[in-house]
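Data first, discussion second: the structure below is written as structure tokens.
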Amino acid sequence: MQCQICDKTITPKISNNVEIFSCTGCSGFWIKKGNLNKLIAHASGDIEFSSIDHHMHKDTHGIMKCAFCEDQAMIKSNFIEHSNIILDYCEKCGAFWIDSGETDKMQNYIDSIDKSDKKPSIIDIIFKSLYSLPK
Ligand SMILES: [Zn+2]
Ligand SMILES: [Zn+2]
């Protein structure tokens, strides 16, 4: 298998117990349906399903063809709708192409949602502990 971005060889490997098909050149990778949910830690809900829309988002590269399907053009999907992290997605088999560095961006985005939903900010914690000090 050859990379459509940089023409180098794609090889299967295991990352965080998940099988990915990684490019030796640009460090982008293919990931099969269901595995993106496993790769992104602490994701609540189905992040793959939440990331599939049918708008043609702008991306750093053009339309790719799915590595696992015969002659299937991928669509551009916005990760969790509003993140502006644009993923290539195959509507036929559910595979994603993930550009180099996008895993970190996705993880950061998930972590920031987690924080804003549930956890108090560090400022809140500092203020609460100040008020609880004996006067
Ligand atoms: Zn590549
Ligand atoms: Zn496919």
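All other residues whose Cβ lies under 9 angstrom from that of Met74 are scored, Lys and Arg at +1 and Asp and Glu at -1, for a net of 0. Once every Cα of region 1-78 carries one equal point scatterer and solvent is ignored, give the base-10 log of I(q)/I(0) from the Debye formula at q = 0.17, 0.19, 0.27 Å⁻¹, two decimals. One equal scatterer on each Cα of region 1-78 leads to -0.78, -0.98, -1.38. For Glu102, the shell of other residues with beta-carbons less than 12 Å away shows a net charge of -3, using +1 for Lys and Arg and -1 for Asp and Glu.
In the structure shown, the pairs Lys76/Lys105; Lys32/Lys65; Lys38/Lys115; Lys13/Lys58 are assessed against 22 Å; a Cα-Cα span above that value is assigned to Lys13/Lys58.
Each value in this text was obtained by applying a stated rule to the coordinates, not by laboratory testing. On a predicted model such as this, the values are computed, not experimentally measured, just so you know. Here the Cβ is made from the backbone with ideal geometry for all residues, glycine too, and neighbour counts use every protein chain on show.
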